[in-house]
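**Student:** This is the structure, below, for whatever I ask next.
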Amino acid sequence: MSGVADETEKNSASSDGIRGGLALLRRPDFAKLFAAYLISYSGTAMAPIAMAFGVLDLTGSTRDASFVIAAPIVAQIAMILFGGALADRTSRQRLLVVADTVAATSQLTIAALFLTGNATVPSLTALMLVNGLAAAMGTPAATGFIPQMVEKRDLQAANAILGIARNSAITLGAALAGVLVATVGAGWTLAIDGISFAVSALLILSLKPRQQVPTEKATILKDMRLGWDEFISHKWLWTIVVQFSLVVAAMEAVFGLIGPAVARSQLGGPISWGIISAGFGVGTLLGGFLAMRLTPRRPMYFASLGVFLFALVPLTLSLPLPVWMITIGALVEGIAGQIFAVLWYTTLQKVIAGNMLSRVSAYDHLGSIVLAPLGIVVGGFLFEEIGARPTLLIAAATVIVPTFCVLLVREVRELTTDEVNARFAEKNT
């Protein structure tokens with residue numbers, strides 16, 4: 001009987017989670033934040049597809065394309081710790097507005113270069129570096145900003161709902177990008193991305209978040225050191241970040257460069273890659289709804305098991321299978337990715353104190369992307385030297401092996417929801 005009662009309680013909680021998540025959209029400020037995610041990510045989903053095909057059409061070289069695509073990640077690596085410290089000690093809201101404004105300006109300039117026929121690899125690389133600087137300011141601020149918009153009890157629902165906005169946008173944007181690049185070209189596609197950032201900046205500027213928890217008076221360098229101390233004090237956190245340094249490197253190479261190159265040479269071009277990317281977006285959308293229902297007892301263990309599914313796209317591309325089968329693989333990968341993201345950010349936001357959250361988030365993001373530029377450049381080199389299939393199999397192995405290793409870490413396997421909630425209650429007493 002107790003088992004039946006527990007299951008009934010779990011189903012009720014899951015149903016309440018979905019209703020509670022959708023109820024957040026009736027709050028005007030949260031609805032604006034949802035709209036900002038929806039609009040900006042629709043444009044953002046178009047950008048990598050447009051940029052990859054734009055540079056490939058410009059130079060015909062995956063090596064050249066790899067440098068342009070890797071540039072924003074290099075900038076993020078260089079500046080994201082500063083961005084995290086700045087977000088914790090100033091205003092996350094203002095920082096998000098500035099980041100979106102800078103990104104809008106950069107993307108519109110890139111669009112103009114393509115449209116006027118003046119695009120070159122050096123100019124595109126320089127502007128993509130500016131995009132990366134904007135992301136370095138905005139990414140850690142966004143993680144810390146969400147708890148200012150909702151109560152802590154609503155964090156998982158809020159992360160899931162915003163994930164649904166993001167991933168609905170990715171689905172729409174990816175599908176539309178394939179059509180737009182094939183019909184009107186990369187320039188106009190990137191112009192839409194720039195406009196979306198500008199609209200997002202206006203929406204975020206209009207929000208009224210709760211007051212930000214101030215940090216203690218200290219230098220930026222001391223703020224960074226305190227963030228590092230907090231980051232390494234949680235073994236489950238830093239080991240998963242190390243895992244994702246390799247996983248993200250592989251995924252950036254596949255989605256940012258190798259996938260479009262394979263689609264261009266073997267699958268019919270940008271429309272096919274847009275369909276595959278849209279499949280991933282649909283998967284992340286479904287994953288957002290599933291994540292509102294899930295209450296795993298060991299959230300990081302459950303989430304990490306799903307990372308094995310990240311290897312589906314490189315494996316299906318390597319065979320290669322028909323577009324519809326690759327799209328199904330991308331859909332399943334998207335579901336797993338979004339469930340991981342919701343459980344990860346909710347756990348992080350509950351365990352880490354509010355005045356440290358952007359700094360710890362910066363170390364999380366830095367660790368996750370630190371090898372991504374190398375992955376993209378190496379992926380472009382290997383694609384030309386050894387071919388698509390061996391390169392894609394190496395990418396799949398780069399997902400599978402570190403994921404197996406992280407599951408050997410006791411803290412990843414044994415961190416429970418009860419322990420997470422207890423830590424949250426302790427830091428809020």
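**Student:** Under a no-solvent Debye model with one identical scatterer per Cα of the range 352-429, what's log10 I(q)/I(0) at q = 0.14, 0.20 Å⁻¹?
**Tutor:** At q = 0.14, 0.20 Å⁻¹ the computed log10 ratios are -0.72, -1.02.
**Student:** Using the eigenvalues of the Cα gyration tensor, what equivalent ellipsoid semi-axes result for the range 281-429 when each is taken as the square root of five times the eigenvalue, whole Å, largest first?
**Tutor:** Over the Cα atoms of the range 281-429, the ellipsoid semi-axes are 32, 18, 13 Å.
**Student:** When the chain is treated as a GNM, springs tying every alpha-carbon pair under 10 Å, which of Val377, Val55, Val409 comes out with the largest mean-square fluctuation?
**Tutor:** Result: Val409 has the largest fluctuation of those listed.
**Student:** For the range 102-250, state the average projected area of the convex hull of the C-alpha atoms over all orientations, rounded to one decimal in nm². Don't skip to the answer; put the middle values down first.
**Tutor:** Values: hull surface 48.0 nm².
For the range 102-250, the mean projected area of the Cα convex hull comes to 12.0 nm².
**Student:** Springs between alpha-carbon atoms under 10 Å, Gaussian network over the chain: tell me which of Arg26, Arg359, Arg264 tops the mean-square fluctuations.
**Tutor:** With Cα springs under 10 Å in the chain, the top fluctuation among Arg26, Arg359, Arg264 is at Arg26.
**Student:** So between Phe404 and Ala112, what do we pick up on full extension, going 0.36 nm a residue minus the alpha carbon distance?
**Tutor:** Full-extension gain reported as 100.6 nm.
**Student:** Hey, another quick one. Regarding the range 222-282, what's the average projected area of the Cα-atom convex hull, expressed in nm²?
**Tutor:** Values: hull surface 23.8 nm².
Its average projected convex-hull area is 5.9 nm².
**Student:** Please list, short to long, the whole-number percent of alpha-carbon pairs of the chain in consecutive 20 angstrom bins beginning at zero.
**Tutor:** All Cα pairs considered, the percentages come to 27, 61, 12, 0.
**Student:** Now for a separate question. May I ask for the net charge around Val199, where only other residues with Cβ less than 12 Å from the Cβ of Val199 are counted and Lys, Arg are +1 while Asp, Glu are -1?
**Tutor:** For residues surrounding Val199, the net value is -1.
**Student:** What nm distance separates the two modelled labels at Thr295 and Leu319, each placed 7 Å from Cα along Cα→Cβ?
**Tutor:** Each label point is offset 7 Å from its Cα along the Cβ direction, giving 3.9 nm.
**Student:** Let me ask you something else. From the P(r) of the range 148-191, can you give the percent of Cα pairs sitting at distances over 11 Å?
**Tutor:** Here the tail beyond 11 Å accounts for 70 percent of pairs.
**Student:** Give the calculated FRET efficiency between Gln211 and Val179 to the nearest 0.05, with a Förster radius of 45 Å applied to their Cβ-Cβ distance. Numbers along the way, then the final one.
**Tutor:** Details: r = 44 Å, r/R0 = 0.99.
It comes to 0.50.
**Student:** Something else now. Identify which of Ala31, Ala71, Ala99 has the largest mean-square fluctuation in a Gaussian network model of the chain, with springs joining Cα atoms closer than 10 Å.
**Tutor:** Taking springs between Cα atoms under 10 Å, the residue moving most is Ala31.
**Student:** Add +1 for every Lys or Arg and -1 for every Asp or Glu among the other residues with Cβ under 11 Å from the Cβ of Trp236, and state the total. Present the calculation step by step, with values, prior to reporting the outcome.
**Tutor:** Values: positive: Lys235, Arg298, Arg410, Arg413; negative: Glu411, Glu414, Glu419.
Counting the neighbours of Trp236, the net charge comes to +1.
**Student:** Helix-only estimate, please: 222 nm mean residue ellipticity of the chain, summing -39500 (n - 2.57) across DSSP H runs of length 4 or more and dividing by its residues, to the nearest 500.
**Tutor:** Calculated from helices alone, the mean residue ellipticity at 222 nm is -28000 deg cm²/dmol.
Values in this text are rule-based calculations from the coordinates and carry no lab data. Bear in mind that the values here come from a model prediction, so they are computed numbers and not experimental data. All Cβ positions, even for glycine, are placed from backbone atoms using ideal geometry, and neighbour counts span all protein chains on display.
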